[in-house]
Amino acid sequence: MSKQIPKAKKTFEQKTKQTPYRFIYLFLLIAYGYATVLTPNLLTLDSNGPKFLVLSLLNLVSFIYLFSRNEIKTRPEWYYAFFNNRIGIAYALVILISLLSFFKAFNVLESVMHFTKIFTTFTAAYLISVIIITDKRNILYLCIAMTLLLVYDSFSVFADINKYINKNLRTIGEIKSVYSNKNILAAAIFIKIPFAVWLMVFNRNWMRTVGILGIFTGVLALFFLSNRAFYLGIFAISSFLLIIFFIQYKQTHDRYYLKLGGGYILLIVSTFLIYSTTVQFYYPKTYDANERSVGARLATIATADNSKFLRTEGWKRSWHVFKEDPLLGIGLGNWKIATLKEENLNTENFKYQVKAHNDFIEITTETGIFGGLIYISIFFLIVWVFIKELFKNAISEGLSFFFLAAFGIICYSFDAFFNFPQDRPEIQSLFALYIGLAIAISSLQKHEKDSSIQNQDISKVPLPNPLQNPNNQTQKQSTSIFRIPIFVIGIVMLSLSVYIFNLYFKSLKLQLIVADDIKRNNLHHPASLFLDGFPAIPSLTVAALPIAVQKARYLIVEKRYDEAIAMLKNDKTNPNDALSKGLIAEAYLNAKNLDSSLVYAQIMYKMKPKNFQNISFICERLMEKGKQKESEALMDDFLSKTKKNKEAWIYISTYYYNYGNIKKAASVIDEAAIYFPTDTLIAKQKEGLDFKALILPYQDLYDAAVVAYNTMKFKEAADYYSNILSKMPDFIEGYENRAFCHYFNKEYSKSNMDLNVLVSKGRMRPDLYNLRGVNYNNLKNMDEACKNYKIAADMGNKDGIDNYAKLCQQRNELLSNLK
């Protein structure tokens, strides 16, 4: 008879007596999953600020509480376990290597800011591991709590989809719930799905029902959020899960796993059908790309849309700067600075790409090859431990917990590959939960394997202490020596984190004020608010602009040009920022120092050659100096390299016209019409310039005709137009203008002859049909007059309507009565 293996649904049952439950530990554990989600924006430009601040405060409170408890103070093996584990050691090495990268950082303050973020997440993972080691029963209730949060997030999506269907929401891209944007909401839902899967697979009764509800609502919400990365993620984790079910079935020959697989497939298919039906029959018919089917959305991955372009270009720039120093990298938090030099060459605006959209690439670029590889090893170690548990051919409690950790870290890796969860506190909290869980369970499992104690709860068995010798009789004394300084150092570092995030929070509040002023194009706040208000950290805004740039804007508005110039020249926080050079040029211009203004505008041009606003600024300065050829060469060079800037085409065309080069102006706008065939502004300018270019050889005659017409010398004007038409018979405007001249000269037949030419060429307008009717009326030909009035009236011409009503309707009625 084959060995009987317990079913997975029974693995969480408690078989030994437990110590009394400590709800405060469960509260702290759940707080790590909820705190960052529930923290509001608090009037900041980026909600990351208050959320990281709350996470750091939670770390400080948890640390003080945990390490003041007697049951933890007397069990050093619990708080040393993290560093006696391969996963924990790898994570700690990433933190240490990040510190080494400071030596390569150009902006050390940004390194400090970014290090504080990753250290906060690291500390959270450490404290979570301690909480779980103290009592692993907390895992069950954590999963229930996180699945309920998953259901809440999903229903918030459904509520917004209902608004979208009822046209109370403009686009699906506006859906974000309590998160910063749609992508973070989708990531938060996707990465919480493992909690629900764990409840479904390894539990029973109402807990399984909660898990099934979480999976159903979570996957359905992801379909509605239309995020391509997580479409791929759903397929990948579903495949991963079904493979596990198949392996467990082959190991146990228990059809329970086949039922699980079939039930899971039914869940996914049902969510897909509900989504597809909703899109087809209920979505408003717009051109929103998010409305497409799953297949259509996935098909766009291969197309060169903007999001794909940003990612691939960012990855290319990462490789270019990585090659400069592959060992230590470019410095933590300095990716956005180092890659900006290349990015500037290919972009026009000042909306910088501040993240690589791939944490694996960004961490490797910033910390070097070893930092990147060790970071990646954390993911492989967790998955590898799970695989080893899976192939032990036994369904154990350890397998269930490692399943949760491995499944969670795989989901997180999808977000890390396509986005930047390292900078999102809501996602970092989930990362800390999975890492802390993996380290705690592997530590407990390791000690259980080495222990001869049977039938005991392994969370109550002492773990190995890397700083102690088990045979040393002075073990407690040495522990006490290490515990106190570690406790003090921990308090200091966590307090520093809170302090730095408090500065970050204050800065983000001021950054929001600046952003609102810029959006309204009204910098009405006093400069003193920002000069005195901005703290030292961070030195860059969330958009990677130097804080000095934001201060200088207000100094320039207050005409404090010397202060603005000095501040920007002395600022070294982002040497690749071109906007600061542009502001210096603007300040010098306002201060009437034209030479210095031109110098800094040209410096900006070298840094950011596709910014046409700066090029037009340079051209105007060059024209003031009489350097027309240099100005024109600069504009021509720009157009030879950049074809999709509509404002540039119009500006340059207008420039050439204003300086008398009409042929060049017409040539420029003709080419612009090729790239913007439906733009009405370009079409209007092209029509005007085409006329100017056509009449150019006879400009003197045309000008004389206009002068004669305006002075009511209509016979003279008609002669000028006749002279032009004899040389240029296709000059349509000439026939039209001469027709009016003949009309005012009471030469109605000649006027109609010109109008008949326009009819033959298909260039008649409603007002010209009315004029032809007036001419026929004056020639006493009422039949033809009324025909033309009727055409003009039908085309909506007001004079034609009036003339037809007054002169023709009564006449038609009289003729009808006579008949």
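The values are calculated or read from the model by the stated rules, or taken from the named source; none is laboratory data. All values reported here derive from a predicted model rather than from experimental measurement. Neighbour counts run over all protein chains shown; Cβ positions are idealised from the backbone, glycine included. The protein model used for the area step is the full one, side chains on, heavy atoms only, and it has no ligands, DNA or RNA in it. Shrake-Rupley method; radii C 1.70, N 1.55, O 1.52, S 1.80 Å.
With respect to the numbered conditions (1) crowded, with 20+ Cβ neighbours inside 10 Å; (2) within 23 Å of residue 424 (Cβ to Cβ); (3) within 23 Å of the chain's Cα centre (by Cα); (4) not polar (S, T, N, Q), which one is the sole condition not fulfilled by residue 164?
Failed condition: (2).
Say whether the condition of being without any contact (Cβ under 8 Å) to a residue 40 or more places away in the chain and at positive phi is met by at least one residue in region 554-561.
Yes, that holds for at least one residue.
Every residue in region 162-181 that is out of contact with any Leu (no Cβ under 8 Å at 6 or more places or on another chain) and in a helix (DSSP H, G or I), please.
So the first thing to find is which residues in region 162-181 are out of contact with any Leu (no Cβ under 8 Å at 6 or more places or on another chain), and the list is 162, 164-171, 173-174, 180-181.
The answer is 162, 164, 165, 173, 174.
crowded, with 21+ Cβ neighbours inside 10 Å, modelled with pLDDT under 95, more than 23 Å from residue 280 (Cβ to Cβ) and touching a Phe, Trp or Tyr at 6+ places or on another chain (Cβ under 9 Å): is that true of residue 197 in this structure?
No.
Read through the list (1) farther than 28 Å from residue 648 by Cβ; (2) outside any helix (DSSP H, G or I), then give the number of the only condition that residue 678 fails.
(1)
From the residues in region 111-130 that are at pLDDT 95 or above and among the aliphatic types (A, V, I, L, M), which one is most open to solvent (accessible area, probe 1.4 Å)?
So the residue we want is 112.
Going through region 782-801 one residue at a time, which ones are assigned to a loop (DSSP other than H, G, I, E, B) and open to solvent by 60 Å² or more (accessible area, probe 1.4 Å)?
Let us first name the residues in region 782-801 that are assigned to a loop (DSSP other than H, G, I, E, B), namely 795-797.
795 - this is the single residue of region 782-801 that is assigned to a loop (DSSP other than H, G, I, E, B) and open to solvent by 60 Å² or more (accessible area, probe 1.4 Å).
Which numbered condition trips up residue 544, out of (1) touching a residue at least 60 places away in the same chain (Cβ under 8 Å); (2) of a type in the set (A, V, I, L, M); (3) open to solvent by 20 Å² or more (accessible area, probe 1.4 Å)?
The single condition residue 544 does not satisfy is (3).
Does region 297-342 hold any residues that are of a type in the set (A, V, I, L, M, F, W, C), at pLDDT 90 or above and outside any loop (DSSP other than H, G, I, E, B), and which are they?
Just the residues of region 297-342 that are of a type in the set (A, V, I, L, M, F, W, C), to begin with: 298-299, 301-302, 304, 309-310, 315, 319, 321-322, 327-328, 330, 332, 335, 337-338, 340.
Now restrict to residues that are at pLDDT 90 or above: 315, 319, 321-322, 327-328, 330, 332, 335, 337-338, 340.
Within region 297-342, 315, 319, 321, 322, 335, 337, 338, 340 qualify.
List every residue pair whose Cβ atoms lie under 7 Å apart, where the two residues are 6 or more positions apart in sequence or sit on different chains, the first residue falls within region 719-732 and is outside any helix (DSSP H, G or I), and the second residue, located anywhere, is modelled with pLDDT of 85 or more and open to solvent by less than 40 Å² (accessible area, probe 1.4 Å).
731/724; 731/725
Can you spot a residue in region 167-189 that is among the small types (Gly, Ala, Ser), farther than 21 Å from residue 432 by Cα and open to solvent by 10 Å² or more (accessible area, probe 1.4 Å)?
If we filter region 167-189 for residues that are among the small types (Gly, Ala, Ser), which is where we start, we get 173, 177, 180, 186-188.
Then keep just the ones that are farther than 21 Å from residue 432 by Cα; that gives 173, 177.
Keeping just the survivors that are open to solvent by 10 Å² or more (accessible area, probe 1.4 Å) gives 173, 177.
Yes, the conditions are met somewhere in region 167-189.
Can we say residue 83 is part of a helix (DSSP H, G or I), buried (at least 17 other Cβ atoms within 10 Å of the Cβ) and of a type in the set (A, V, I, L, M, F, W, C)?
On the way: part of a helix (DSSP H, G or I): yes; buried (at least 17 other Cβ atoms within 10 Å of the Cβ): no; of a type in the set (A, V, I, L, M, F, W, C): yes.
When the stated conditions are applied, residue 83 does not pass them.
Under the condition of being free of Cβ contacts under 8 Å to residues at least 60 places away in the same chain, of a type in the set (S, T, N, Q) and over 25 Å from residue 659 (Cβ atoms), which residue from region 574-622 is least open to solvent (accessible area, probe 1.4 Å)? Don't jump to the end; show me each part of the working.
First, pick out the residues of region 574-622 that are free of Cβ contacts under 8 Å to residues at least 60 places away in the same chain: 580-606, 613-622.
Narrowing further to those that are of a type in the set (S, T, N, Q): 580, 590, 593, 596-597, 602, 613-614, 616.
Checking the rest, the ones that are also over 25 Å from residue 659 (Cβ atoms) come to 580, 590, 593, 596.
Values: 580: 10, 590: 60, 593: 56, 596: 32 Å².
Restricting to residues being free of Cβ contacts under 8 Å to residues at least 60 places away in the same chain, of a type in the set (S, T, N, Q) and over 25 Å from residue 659 (Cβ atoms), the top hit is 580.
Take region 623-653 and flag every residue that is among the small types (Gly, Ala, Ser), outside any loop (DSSP other than H, G, I, E, B) and either open to solvent by 40 Å² or more (accessible area, probe 1.4 Å) or touching a Gly at 6+ places or on another chain (Cβ under 9 Å) (or both).
Within region 623-653, the subset among the small types (Gly, Ala, Ser) is 626, 631, 633, 640, 648, 653.
Those still in the list that are outside any loop (DSSP other than H, G, I, E, B) too: 631, 633, 640, 648, 653.
Matches in region 623-653: 633, 640.
Kindly indicate whether residue 235 is over 19 Å from residue 144 (Cβ atoms), open to solvent by 10 Å² or more (accessible area, probe 1.4 Å) and assigned to a helix (DSSP H, G or I). I'd like the intermediate steps shown before the answer.
Numbers: over 19 Å from residue 144 (Cβ atoms): yes; open to solvent by 10 Å² or more (accessible area, probe 1.4 Å): yes; assigned to a helix (DSSP H, G or I): yes.
For residue 235, the condition - over 19 Å from residue 144 (Cβ atoms), open to solvent by 10 Å² or more (accessible area, probe 1.4 Å) and assigned to a helix (DSSP H, G or I) - is met.
Any residue in region 79-88 that is in contact (Cβ under 8 Å) with a residue 40 or more places away in the chain, out of contact with any helix residue (DSSP H, G or I) (no Cβ under 8 Å at 6 or more places or on another chain) and either over 30 Å from residue 282 (Cα atoms) or among the small types (Gly, Ala, Ser) (or both)?
Residues of region 79-88 that are in contact (Cβ under 8 Å) with a residue 40 or more places away in the chain, as a first pass: 79-88.
Narrowing further to those that are out of contact with any helix residue (DSSP H, G or I) (no Cβ under 8 Å at 6 or more places or on another chain): 80.
Then drop every residue that is not either over 30 Å from residue 282 (Cα atoms) or among the small types (Gly, Ala, Ser) (or both), which leaves 80.
Yes, region 79-88 has at least one match.
Within region 360-411, which residues are in a helix (DSSP H, G or I), over 16 Å from residue 90 (Cβ atoms) and of a type in the set (Gly, Ala, Ser)?
398, 400, 408
Within region 99-110, is there a residue that is closer than 25 Å to residue 440 by Cα and buried (at least 24 other Cβ atoms within 10 Å of the Cβ)?
Of all residues in region 99-110, those closer than 25 Å to residue 440 by Cα come to none.
There is no residue in region 99-110 that is closer than 25 Å to residue 440 by Cα and buried (at least 24 other Cβ atoms within 10 Å of the Cβ).
Matching residues to (1) modelled with pLDDT of 90 or more; (2) in a helix (DSSP H, G or I); (3) buried (at least 18 other Cβ atoms within 10 Å of the Cβ); (4) not hydrophobic (A, V, I, L, M, F, W, C):
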site: 685; (1), (2), (3), (4): no, yes, yes, yes
site: 697; (1), (2), (3), (4): no, yes, no, yes
site: 712; (1), (2), (3), (4): yes, no, no, no
site: 749; (1), (2), (3), (4): yes, yes, no, yes
site: 773; (1), (2), (3), (4): yes, yes, yes, yes
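For residue 674, all conditions in the list (1) more than 24 Å from residue 588 (Cβ to Cβ); (2) open to solvent by less than 70 Å² (accessible area, probe 1.4 Å) hold save one; what is the number of the exception?
That leaves (2) as the condition not met.
Yes or no: region 51-61 includes at least one residue that is surrounded by fewer than 16 Cβ atoms within 10 Å (Cβ to Cβ), modelled with pLDDT of 95 or more and not in a loop (DSSP other than H, G, I, E, B).
Here is the first cut: in region 51-61, the ones surrounded by fewer than 16 Cβ atoms within 10 Å (Cβ to Cβ) are 61.
The next check asks that each one be modelled with pLDDT of 95 or more; those that pass are 61.
In the following step, the residues that additionally are not in a loop (DSSP other than H, G, I, E, B) were identified as 61.
Yes; the residues of region 51-61 include at least one that is surrounded by fewer than 16 Cβ atoms within 10 Å (Cβ to Cβ), modelled with pLDDT of 95 or more and not in a loop (DSSP other than H, G, I, E, B).
If you scan region 192-232, which residues turn out to be outside any helix (DSSP H, G or I) and free of Cβ contacts under 8 Å to residues at least 60 places away in the same chain? Full working, then the answer.
Step one: of region 192-232, the residues outside any helix (DSSP H, G or I) are 203-204, 226-227.
Listed by number, the list holds a single entry, 227.
Residues in region 131-156 that are under 26 Å from the mean Cα position of the chain (by Cα) and either acidic (Asp, Glu) or at pLDDT below 95 (or both): how many?
1
Step by step: first the residues of region 279-295, then only those that are in a helix (DSSP H, G or I) and open to solvent by less than 40 Å² (accessible area, probe 1.4 Å), then the one that is modelled with the highest pLDDT. Which residue is that? Give the derivation first.
Start the filter on region 279-295 by keeping residues that are in a helix (DSSP H, G or I), which leaves 279-281, 289-291, 294-295.
From what is left, the residues that are open to solvent by less than 40 Å² (accessible area, probe 1.4 Å) are 279, 289-291, 294.
Numbers: 279: 90, 289: 55, 290: 55, 291: 51, 294: 61.
Within region 279-295, the match that is modelled with the highest pLDDT is 279.
Need the failing condition index for residue 753 against (1) modelled with pLDDT of 90 or more; (2) on the phi > 0 side of the Ramachandran plot, just the number.
(2)
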